[in-house]
1. In the stretch A:171-188, which residues are within 18 Å of A:Lys3 (Cβ to Cβ), part of a loop (DSSP other than H, G, I, E, B) and at pLDDT 90 or above?
2. If you take the residues in the stretch A:248-267 that are closer than 12 Å to A:Tyr308 by Cα and out of contact with any Gly (no Cβ under 7 Å at 6 or more places or on another chain), which one is surrounded by the fewest Cβ atoms within 10 Å (Cβ to Cβ)?
3. Can you find even one residue in the stretch C:111-126 that is crowded, with 22+ Cβ neighbours inside 10 Å, polar (S, T, N, Q) and modelled with pLDDT of 95 or more?
4. Scan the stretch B:28-42 and tell me whether some residue there is at pLDDT 95 or above and assigned to a helix (DSSP H, G or I).
5. Here are the criteria: (1) within 35 Å of the chain's Cα centre (by Cα); (2) closer than 19 Å to D:Lys661 by Cβ. Tell me which single one D:Ala99 does not satisfy.
6. Please work out which residue is surrounded by the most Cβ atoms within 10 Å (Cβ to Cβ), limiting yourself to the stretch B:272-298 and to residues that are part of a helix (DSSP H, G or I) and modelled with pLDDT of 85 or more.
7. Against the condition at the interface with chain A (Cβ under 8 Å from one of its Cβ atoms), surrounded by fewer than 24 Cβ atoms within 10 Å (Cβ to Cβ) and at pLDDT 95 or above, how does C:Leu102 come out, does it pass?
Amino acid sequence: MSKPKVAFYWCASCGGCEEAVVDLAEDILGVVSAVDIMFWPVALDFKRHDVEAMPDGSLAVSFINGAVRSSEQHEMVEMLRKKSQAVIAFGSCAHMGGIPGLANMFGRKELLANSYFDVPSVINDQKVLPQTTFDAPEGKLTLPEMWETVKTLDQVIDVDYYLPGCPPPVKIIKEALNAILTGQLPPKGAVLAPDEALCDECPRRDTKPDKIIISKFVRPHQILMDHEKCLLAQGLVCLGPVTRKGCEGSCTKASMPCTGCMGPTSRVVDFGGKALSAIASIVDAKDEREIEAALMEVVDPVGTFYRYSLPTSLLHRRYVQTVKEGE
Amino acid sequence: MSYIYFPGCSLQSTGKPYEESMQAVFAALNIPIKELDDWNCCGATAYMSISELKSFALSARNMALAERQAGAGNSADMVVPCAACYLGLNKAHHYLAENPDLNAKIKGALGVAGLNYSGRARIRHPLDVLVNDIGMKAVTERVKQPLKGMKVACYYGCQLVRPYADFDDQHEPTTMDVIMKALGAEVVDWPLKTRCCGGSLTGTVPDVGQRLSYILLREAKKRGCDVIATACPLCQFNLECYQSEMSRKYEAPVNVPVAYFTQLMGMAFGLDHKKLGLKRLFVPVHAPAAVGGSHVAA
Amino acid sequence: MSENKSTPKPFEPRIVAFFCNWCTYTAADLAGTARMRYAPNVRVVRIMCSGRLDPQFVLTALREGADGVLIGGCHPGDCHYQEGNYKALRRFSLFKRMLNDLGIEPARVRLEWIAASEGDKVQRVINEMTEAVRALGPLKLEPRALEGLEASLSEKAAELVLTQGETS
Amino acid sequence: MSQPNMKSNGTPKVGVYVCHCGINIAHTVDVAETVKFAAKLPYVTVVRDYKFMCSDPGQELIQQDFRDGKVDRVVVASCSPLMHEATFRRALAEAGGNAFMFQMANIREHVSWVTLDKVAATDKAKALIAAAVARVVLHQPLQKTSVPVNPDVLIVGGGISGIHAALTAANAGKKVYLVERDPTIGGHMAKFDKTFPTLDCSACILTPKMSAVRSHPNITLWTYSEVAGVEGYVGNFKVKVRRKPRYVDEELCVGCYECIEACVYKKPRFPDEFNVGLSMRRPIYIPFPQATPLVAVIDPETCAQIKTGKCKHPCVEACLRNAINFDQKEVIEEIDVGAIILATGFKTFDASRVSRYGYGKYPNIYSSLEIERMTNAAGPTGGEVRLTNGEKPKAVGIVHCVGSRDNHTNQWCSRVCCMYSLKLAHLIKERTEAEIYNFYIDMRTPGKGYEEFYERLLKENVHFIRGRVAEISDWAMTPEEEGKLVIRAEDTLVGVVRRIPVDMVVLSVGLEPQADADDVRRLFNISCGKEGWFLERHPKLAPVSTFTDGVFLAGACQGPKDIPDCVAQAGAATAEALALIDAGKVELEPNTAYVLEEVCSGCQTCIGLCPYSAITFDKEKKVAVVNGALCKGCGTCVASCPSGSLQQNLFTDAQILHEIKGVVNYV
C-alpha cells in the first residue's frame, strides 16, 4: 500500500518551525520512510503548479506553519486545504498568530512606512513602496498584497488540529506524528498537547510558595535571579500558570520566564485576558494608587500577555475607530 | 496672585467711599488688586426681574473677562465689594454650573464676542478675602490706632450671605465682627445683622423702606453702638441718608453714623482720612475718644 | 450579532453590565422600586462579587457586540466578601491600560462602586455611560475571520463553550 | 462537590415563563411579543405567560410542565431574583426537579419599572430572557449544603430596644450577650420623666426591665463595652468584644456611693453625660440611681490618679470591698453567636446647627432632651422647670421640627417630636403654669391614643401656632418684649407674622443616626441608607432583616421610632433570630467554587486570594483543594485561575459566557 502523502508549508513565520522538524534528528528518517513528502518549499524543489496538479484530498496531512497575512499565503493555504484530508496548524503563528501577530497593533500603512521609510538603515528618497503590480518592459510584474490584519490559519481556512509552540517541542511533534500514522487522533479541532498548565511539569514547581503574592514585579535584567526558585515568586511575569504544558519548561529551566507560546488551555477563551487576570490578582496592594504603581512595572501589557496570541484574542487586533454611523 | 476688582456701578458713584477705603486698605495690606478691564453691569436685581437670560449674560461676560484677564491656568478670583453685584455674579456662577441649557445659551452669546466662561472665576467678597486669605494676624499687625472704646454694630445686609455665600453663616454671620474685634473695636451683638434695610423700597415706597431702615438704626442705637459698619452700598445709603427725615417722621432723634467696614479698617490702620472717603459721609464718624479722636468731618 | 449595526436606524448603544449581587445589583433593584427612569441600553449580568469579574467576560461582551461594558461593585471596604472588590480593582487597573493600548476608548469600559442604597447613582451612571458610548459610536471590531468562515467559527466558539460545560 | 455534567440530563428542555405581575410588567413590556420571541430560542420547549407567576397557580404551571416531562429546567421572567428566586426554586424542587435548574430574568426592577419606551423595554426584556435561557442550558443539578446554627445571640445596644430583645431571647431559653457602650443600660428612655401619650413614668416601666436583664441567668451583660470585630457568617459568627476598664470591679462594687463622696474633688465639676451637661459629676461616678449595673465607673479623662498618678485616691480607702482597681486593663472577650441584633439607637440633632434659633447664644433656650432631664424628678433640678435666674418661666415656646423636615439639615420627619413636644408642653404647664406656645409645621400624631392626647393638650389651653419659626432673638420692639426671647414665625393659618415674647424656648430636636453608624455598619457588613440609618432588607417585607443573613435590626438605628415601635420591632427582630436559631441549621447557597483536579496544574495562584482561607494545596496530588464548608462563593479565585481549572457552581465560566452571548446577541 502507498505511504500517506504529506506537505509542509510556511506562511508568515521565522523558519523556526521548519527547524523543529529537522530537530527530530535521526527520527526524521523514520518519518521520511513512513510518509511521502509531496511538498516542502524549504527543503525540496516543488512548485505551486505541482500542488495545483494534485487531485483534491490526495494529501493525507498538510503541516502549515506561520500566520497568514498576504494574498499569496491565503491562496496557497486554500489550495492546500483543498488537496488535504487534514490540515494541522503547526506552531504558535499558525495556531494563534504568533510574533507576527503583534503586527495587529498597527495597520499596513504604519508597518510599510516603518520598514520602507523610518528604519534608520533605509535610504528611500523616492518613497518607493511595494506595488502589487508593476508594468515592466518585460511585461506586467505582480507581488502578493500584504493584508491590513494578520490572521491565524483557522481564520482563513478550516483547521483540523493544532500543534502549539514556538516552535512545537520535538516531543509533541513526535506524539502527533505517531497519532497520525496510527490513526489515533482526538476529535477534530483539538490542540495536540496536554490540556494542563506548565507549572505541572515546570522544574521549579516545588519551590513555589503556598501563597503567591507579589508586591513588586521585575524584569529578568533587573534582578539577580535565583536559579531554582519559582520565577513568578521572584516577581518575574512568568505565564507558566496560564500556558499549556508540553515543553517541559525548556525556558523556565533556563531561567527564562514562560511567555506563553504554547497557548491557553481549552478552558480559556482569551489568553491575554486570563493571563492578565491571574497576574493582576496576586498584586499585594489594596489602595488604588499602590495597585496602579505595582502594576506599572508590568510594561506593555499587550506584548506581555498576547505575545503569541493577539490575532486569536477576542479583540483580534488594535481597534481602529471607525466613523460614527449616520456621519 | 492678584485679585480682579469688580466695582459695579455703585462703587464708582454713591458708593465711592467704599471703593476708596477698600483700595486704601488693600494697599495697606499689600493685597494686589487690579480693576477688571471693560467690565459691565453685573446684571443686577432690576435687570434680573425683566430679562433673566440677558442678566445672566451680563454677569457671565464679566466673569469671562475676568478669566481672560487672569490668563489661562491662573485662578481668577474676583473681588466684588457691592453686595448686589456679589449676589448677582454668584447667582450666575451657580446657575451656569447647574443648568446645562442656560450654560449652552450663554456660551453661544459669549462666543459671538469671542469670549469664553469656563466656571473657573471665583466670586469673592472683601470680607471673605480678608478673613480667609489674608488672615487676622496680618490685619492686627497693621493696626496703628486701635478703635478702643468704639462700639460697632456689624451690619451685613440681606444679599451678602444669602443664599450663595459660603464664607460665612447665612443667619449669624461673623466675619465682619472678627475684623472689627481685630481693630480693637467693641462689637455690639445684635440680632438684626442680616435683616432688610429697606432695599429699593426706600426709593419706591419710602414709608415702608424708611421704616425698615429705622428699625435697624433704632435697635443699633438702643444697644449703644457708636457706628454701624456695612458691607453694602445700598444698605449704607438707606441707613445713612434719611436719618433727619426719620427723626421727623418717628419723632425720635436718629443720629447713627453708618460707615463701610473698610473705612473703619482704614481709621484703625491710621490711613489718611481723605483716602478713606470719610468726608463723604453725611453722619460723621467720630474716631474713638480713647485715642484722642475728634470730629473727622470737621 | 451585528444585525442592529447594519440597520439604518439611529445608533443605540448596547452596554453589558456586570453587577455584584450585594451592592450594585441591589441598588439597581432599588432604582426599579423607586421607579427611577433611565436609559434602556444597559443589560445586567449578575455575579456574586465584582471579584468574580474575569477580563474575559468584558472581552467576550465586546466581541459579541456590546459597545460598552459597565462593572459595578461595593465601595472599597464594603465588600460582602471582605475584599473581592480590591481584586476587581487590581485586574481593572491593568486591564484598562491594556484596553487603552488596544485602542478601546476608556469611556467604553467603566468601573463604578455603587452601594446598595445608591439607586440614584445607578440611574446617573447608566445615563452618563449610555450618552458617552453613544457619542463614541458603535464598536465595530475586526470580524473574527474572513466572511463565510465567521459563522462556522462563532458556531465553533459556542460549541467550545458548550463542551466546556460538558467536560468540566 | 458536585461537578457539572450535561450528559447526565441529556438535551436541555427549557421552559420559559413570563410574568405580567398584574400590569407592573405588562404595561411596559409587550408580553405576547416576548413569548413569541422566547419560543424561538434554542432548547426552549415550553413558553407560557401568566398574570402572577409567583401565585400558586403560576407556580403550578411550572410544576405541571415539569411533571409532564415537558421541561427539565426553567426560566422565569418576572421580578428580581432577590425577590422571588427562592419561591420558584422551591416550586421546582417540590415538583421533583432540582432547585438549581432555574434562572430568573429580572424584567420588572430592571426593565418595566425603569423604562418608559415600550419597544425599548420589550427589547431589553427579550435580551434578558435570551441570556437566562442561554445560561440555564448549562445548569447542573446541585444540592444545598447546610451548617448548624450556634444558638447564642448577640445584642448590640442596651436601650429599650436592646433590652426588650435581650429579655425576649433570654426568656426563650437562648444565651444572650448584651453589649452596651455606656456604663449603664437604659439608653434614651432612662433619661425621660414621662412617656407619651399615657404619661406613665418612664423609670417605673423601664427599670424593672433593666434589673430583669441584670438578674436573668441567660443574659451576659457587658456595659462600658464595644464590639471590636465580627467574623464568620449566619449561624456562626465569631465576635470580639472590647470591655473598657472602669477601674472598679463590677463583681465587688455594690454601688454604695462611698467612693464618690470620698473623691478629692469635693465639688462635682465635670459635665454629667447622663444629665446632658445640666449638672456636674466627679471623675468617679454612677450615672444615675437606677443605673444597671449599679456600679461606679472612673472616667480616665478626668481622674487625677489616672491622669497624673499624683492623687491621694481616698476613693480606694473609702471602698470597704476594695473594688477600686487602677490597674484594670481593657479586656477582649471572644464569643461565638448564631444571630446578631443591632439596637444601637440614635442621637439627637445638635440645635446649634440652626444658628437663627440662638441655641448656645441666648440663655434659657434648651434642647428637648435637656428639658426631658429638667422635668425628670430625679434630674438635675429635681423636676423643677426653672430659668437660669431660678424663676419659673411665665411663657415658654416649643419649636417643632428642629433638624427635621428641613432641606438645610435633615429631610426626614423624626416621628417622635410632635408627641414629645405635646408631652413636654403638658409637663411644663403642669409644673409652671406658664403659657405654652407650640410652633409646628404639621401636627403628626398617628398612633394609639396620640391624637386624643393632642386634643387633651388643646383643652389644656396650650397655644398652637402653625408655621416654621424664622428666628429667635432678644430683639425687643415693644416694652413688653424687653428682656424676653422673641420668637418670630409666620402664623400660616391666620396669615400674619407673629412675634411671641417668651422666657424659655424648647427646641424639639430631631433624631439622627449615631455619629459612628458608618463604622458600625462596616463592622457588621450591612448597609446604610443615604441618611445613614441602617438599611433593612426590604422596607415592607423584611423590615428587621439586613442584607447580611443573621444580622437583624431593632429600634431607632433603622430609622426614627417611638418607644412602642422600638419594642415591637425588637420583638420582631428577636422572633427572626429565634426562627433562625430554632431551625437548627442554615442552608448555604451551593454557589461554591470547585477545582477540576485532573487539569489543575497546581500553580497556587488561587490560594492566597481566598478571603476565607478555603483553598489549600494538596502536596500529594499537587492540586488546589476547595473546602466547600468555608467557601462563601464570591468567585474571586475562579476569575483568577490562569488555566480555567477552578469553576463556581451556578457561575461557571461557561454559564456566564453564555449569558453574555445571550444578552447581546439575540435582540
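The values are calculated or read from the model by the stated rules, or taken from the named source; none is laboratory data. What you see is a predicted model, and the numbers here were worked out from it, not measured in a lab. Here Cβ is always computed from backbone atoms with ideal geometry, including for glycine, and neighbour counts include all displayed protein chains.
1. none
2. Applying the first criterion (closer than 12 Å to A:Tyr308 by Cα) to the stretch A:248-267 yields A:258-264.
From what is left, the residues that are out of contact with any Gly (no Cβ under 7 Å at 6 or more places or on another chain) are A:259-260, A:263-264.
Details: A:Thr259: 20, A:Gly260: 27, A:Gly263: 25, A:Pro264: 28.
Per the criteria, the residue is A:Thr259.
3. No, there is no match, as no residue in the stretch C:111-126 is crowded, with 22+ Cβ neighbours inside 10 Å, polar (S, T, N, Q) and modelled with pLDDT of 95 or more.
4. Checked against the condition, which is being at pLDDT 95 or above and assigned to a helix (DSSP H, G or I), the stretch B:28-42 yields at least one hit.
5. Of the numbered conditions (1) within 35 Å of the chain's Cα centre (by Cα); (2) closer than 19 Å to D:Lys661 by Cβ, the odd one out for D:Ala99 is (2).
6. B:Leu276
7. So C:Leu102 fits the description; yes.
For every residue, the table says whether it meets (1) closer than 29 Å to C:Arg144 by Cα; (2) facing chain D (nearest Cβ under 8 Å); (3) assigned to a strand (DSSP E or B); (4) out of contact with any Lys or Arg (no Cβ under 6 Å at 6 or more places or on another chain).
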residue	(1), (2), (3), (4)
C:Ala61	yes, yes, no, yes
C:Val69	yes, no, yes, yes
C:Gly72	yes, no, yes, yes
C:Pro76	no, no, no, yes
C:Gln82	no, yes, no, yes
C:Ala88	yes, no, no, yes
C:Phe92	yes, no, no, yes
C:Lys96	yes, no, no, yes
